[in-house]
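The values are calculated or read from the model by the stated rules, or taken from the named source; none is laboratory data. This one's a predicted model, so the numbers in the text were calculated from it and none came from an experiment. Positions of Cβ are backbone-derived with ideal geometry, glycine not excepted, and every protein chain shown enters the neighbour counts. Just the protein is used for accessible areas: all its heavy atoms, side chains included, with ligands, DNA and RNA removed. Shrake-Rupley method; radii C 1.70, N 1.55, O 1.52, S 1.80 Å.
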Amino acid sequence: MKLKIDIWSDVMCPFCYIGKRKFEMALDKFEHKDQVEVEWHSFQLDADLKPQPGVSVYDYLAKRKNINREQSVQMHQQVTDMAASVGLKYNFDKAVIANSFDAHRLLQLAKTKGLGDKVEEELFRAYFCEGKNTGDKAVLVKLGVAAGLNEKEVQKMLEGNAFSEEVKQDEQRSREIGVRGVPFFLLENKYVISGAQDSTIFLQALTQVYHEKSQLKDFKVDGNTCTTDGNCD
C-alpha cells in the first residue's frame, strides 16, 4: 500500500524549505514511511519576476509588500530564527533574486529520474543558505549534477524549452484545487496541510491517512490514542 503526498512549493519560498524539514521530521517518526510516495510540484510566487542584480532581498520584499527596509529585515530575521529551529542556516544577506521558472524545469526533469526530492533539496540549500543564483543556467547544471542528474542532459534541457509545459501543468492544477500559497501538502488527494506546520501535525495526518486507507479505526500518535475523525486524547 502506498500513500501519495503531493507538495507544491517555490524555491524562493523560505517557508517551503522549513516545511520540507518539518515534514521530513514527521516522516522519520512514521512507522510506515517506506510506503510514502512524495511528489514535488511547481508553483511560482512571482512568475513575472525579472533578475535584479545588486538588489537585496530586504529591499525587494520592502517594495513588494510596501513596507520599509527595517521592517523587511526584521521579518527576514524572524524567518531565519524559524529555519534555525529545524537545523537550517539561512543567509539572506547573500540571497540572489531570480525567476524560478528554470529551476522548476530542472525539478520536472529530476522527477522523471526519481530525483525530485534531491533536486528540491539542492535548490533550497543553494538559494537560502549558499547565496547561489538559482536563475543562472550554469548554476542549475551544477545543482542537477550534485543531485545525480546527467550533466549533458541538464544542459540540453536548459538550452531549450523542455519541461516548460510540465511546470505550467503543475501550476494549473494548483489553481484547480485552490492552492493560494506554499508550501501546500495534499495527502492522498483528500487531506490538505497548508504552510510549514509543526511536525506533529504532519505525523498525525500521515498516521490518520494510513489507517483510513488500511481501514483501521484507532491509532497512536506520540502515545495518544486517535481516531480517524481527527480526535486524539
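Listed by position, the strands (runs of 3 or more DSSP E) contained in the stretch 127-221 that have at least 2 residues being at pLDDT 95 or above are 184-187, 191-194.
If you check ALA26, ALA47, which single one turns out to be in contact (Cβ under 8 Å) with a residue 12 or more places away in the chain, of a type in the set (Gly, Ala, Ser), under 30 Å from GLY114 (Cβ atoms) and part of a loop (DSSP other than H, G, I, E, B)? On inspection, the qualifying residue turns out to be ALA47. Going through the stretch 95-115 one residue at a time, which ones are of a type outside the set (Gly, Ala, Ser), in a loop (DSSP other than H, G, I, E, B) and open to solvent by 10 Å² or more (accessible area, probe 1.4 Å)? Matches in the stretch 95-115: VAL96, ASN99, THR112, LYS113, LEU115. When each of SER174, SER164 is tested for being within 28 Å of LYS33 (Cβ to Cβ) and either crowded, with 19+ Cβ neighbours inside 10 Å or more than 16 Å from the chain's Cα centre (by Cα) (or both), the lone residue that passes is SER174. Being in contact with a helix residue (DSSP H, G or I) (Cβ under 6 Å, 6 or more places away or on another chain), within 29 Å of ASP198 (Cβ to Cβ), crowded, with 21+ Cβ neighbours inside 10 Å and in contact (Cβ under 8 Å) with a residue 40 or more places away in the chain, is that true of even one residue in the stretch 64-77? Scanning the stretch 64-77, I find no residue that is in contact with a helix residue (DSSP H, G or I) (Cβ under 6 Å, 6 or more places away or on another chain), within 29 Å of ASP198 (Cβ to Cβ), crowded, with 21+ Cβ neighbours inside 10 Å and in contact (Cβ under 8 Å) with a residue 40 or more places away in the chain, so the answer is no. Of all residues in the stretch 1-26, exactly one satisfies the criterion of being over 23 Å from VAL179 (Cα atoms) and modelled with pLDDT of 95 or more, namely MET25. Could you please let me know if GLU120 is among the acidic types (Asp, Glu), under 22 Å from PHE43 (Cα atoms) and open to solvent by 70 Å² or more (accessible area, probe 1.4 Å)? The answer is no for GLU120. For the residues TYR60, TYR17, the requirement of being surrounded by 12 or more Cβ atoms within 10 Å (Cβ to Cβ), within 11 Å of the chain's Cα centre (by Cα), under 22 Å from ALA103 (Cα atoms) and hydroxyl-bearing (Ser, Thr, Tyr) singles out TYR17. The test for being in a loop (DSSP other than H, G, I, E, B), among the charged types (D, E, K, R) and over 16 Å from LEU3 (Cβ atoms) does not hold for ASP59.
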